[in-house]
Structure formats: structure tokens, C-alpha cells
Amino acid sequence: MTDNPWAYSATCGHLPGTDLTGWDVEATDGHVGTVAEHSDEAGDAHLVVDAGTWIFGELLIPAGAVAEVDTERRTLHLSLTKDQVKDAPPFLSDRHLADRQYREDVAAYYRMAVASCEGGSGGL
């Protein structure tokens with residue numbers, strides 16, 4: 001897992017420049033949603049996932065939470081459970097790019113969540 005939550009890990013299989021819009025997003029225990037928006041920008045790689053009726057809205061997920069990219073199935077696998085994704089800070093579309101504290105809160109949550117999935121051996 002990468003030390004920077006806003007970057008894909010070198011081992012996940014992400015190919016920069018790939019349009020991920022519409023790809024499925026899977027937690028370790030099931031479907032989360034589809035990618036509505038994404039950014040590959042250095043230091044700001046993230047997904048905005050449409051969770052539909054499951055969460056009734058969108059989720060901001062730092063790229064560091066992506067464990068595997070399956071290009072054949074157009075699926076992103078997260079290193080998180082559905083409950084961890086559901087309990088994440090809400091997506092605030094008006095703050096996700098400019099509000100430094102909001103971004104740090106989101107990153108801190110995902111660091112802790114990924115570390116708990118990995119048995120405390122690391123994190124975002």
C-alpha cells in the first residue's frame with residue numbers, strides 16, 4: 001500500500017490515463033457501486049463512486065484504497081469491506097478538492113480502515 005493515500009499503489013495494476021468512468025467498484029465482501037468520476041492527477045488521485053441506492057449518493061475514495069485493477073472485467077477491487085466504505089466520511093462535492101482539512105479527514109479514515117483490513121500491517 002502506498003504511503004500517499006491520494007496515489008495508486010505501484011502493485012495494484014492501475015494504468016495512468018485509463019478512463020475508469022463506469023467501472024465497477026468491489027469491496028472485499030461485495031459490490032459498492034460504479035465510478036462516476038476519477039482523477040489520476042499526481043497527489044490527487046481519487047475515485048468518486050456512485051453507490052446508488054445502497055448509500056444514496058456518492059463516495060470519495062482515495063486511490064490508495066484500490067488493491068487491484070481488473071482491466072478485463074473493468075472492475076476496481078478495494079482493500080476495504082462494504083461496512084468500512086459505508087462508514088466513511090460523506091462525499092462533499094464542494095469541498096473535496098479545495099478543503100485541506102476535509103481531505104485529511106478522509107485520508108485519515110481510509111488509512112485506519114485499510115490498516116485494520118491488513119491486520120494493522122500498514123495503511124494508506
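Please treat every number below as a calculation from the coordinates, not as lab data. The structure displayed is predicted, hence computed values, not measured ones. FYI the Cβ positions are ideal-geometry reconstructions off the backbone, even for glycines, and counts take in every protein chain you see.
Helical content alone sets the calculated 222 nm signal of the chain at -6000 deg cm²/dmol, taking -39,500 (n - 2.57) per DSSP H segment of four or more residues and averaging over every residue. The gain in end-to-end length when the THR53 to HIS31 segment is fully stretched comes to 6.7 nm, 0.36 nm per residue minus the alpha carbon separation. Contact order for the stretch 24-117, expressed relative to its length and based on alpha carbon pairs under 8 Å spaced 6+ residues apart, stands at 25 percent.
Computed 3J(HN,Hα) for the stretch 86-94, one whole-Hz value per residue from the Karplus formula 6.51 cos²θ - 1.76 cosθ + 1.60 where θ = phi - 60°, is 4, 7, 5, x, x, 6, 10, 4, 7, glycine and proline marked x. Near the amide H of TRP23, within less than 5 Å, lie the amide hydrogens of VAL35, all on another chain or at least 5 residues away, with H placed in the peptide plane.
Between ALA108 and ASP83, the simple spin-label model (points 7 angstrom out along Cα→Cβ) gives 2.3 nm.
Taken about its Cα centre, the stretch 24-117 carries a charge dipole of roughly 200 debye when the Cβ of each Lys and Arg holds +1 and the Cβ of each Asp and Glu holds -1.
Under 1.5 on a/c is rounded, so check that first for the stretch 24-117, then, if it is not, pick prolate when a/b is larger than b/c and oblate when it is not; a ≥ b ≥ c are the square roots of the alpha carbon gyration tensor eigenvalues.
On the way: a/c = 1.35, a/b = 1.29, b/c = 1.04.
Rounded is the answer for the stretch 24-117, as its axis ratio a/c remains below 1.5.
The packing ranking of peptides 61-67, 109-115, 88-94, 24-30, highest mean first, is 61-67, 109-115, 24-30, 88-94, where packing means the average number of other beta carbon atoms within 10 angstrom of each residue.
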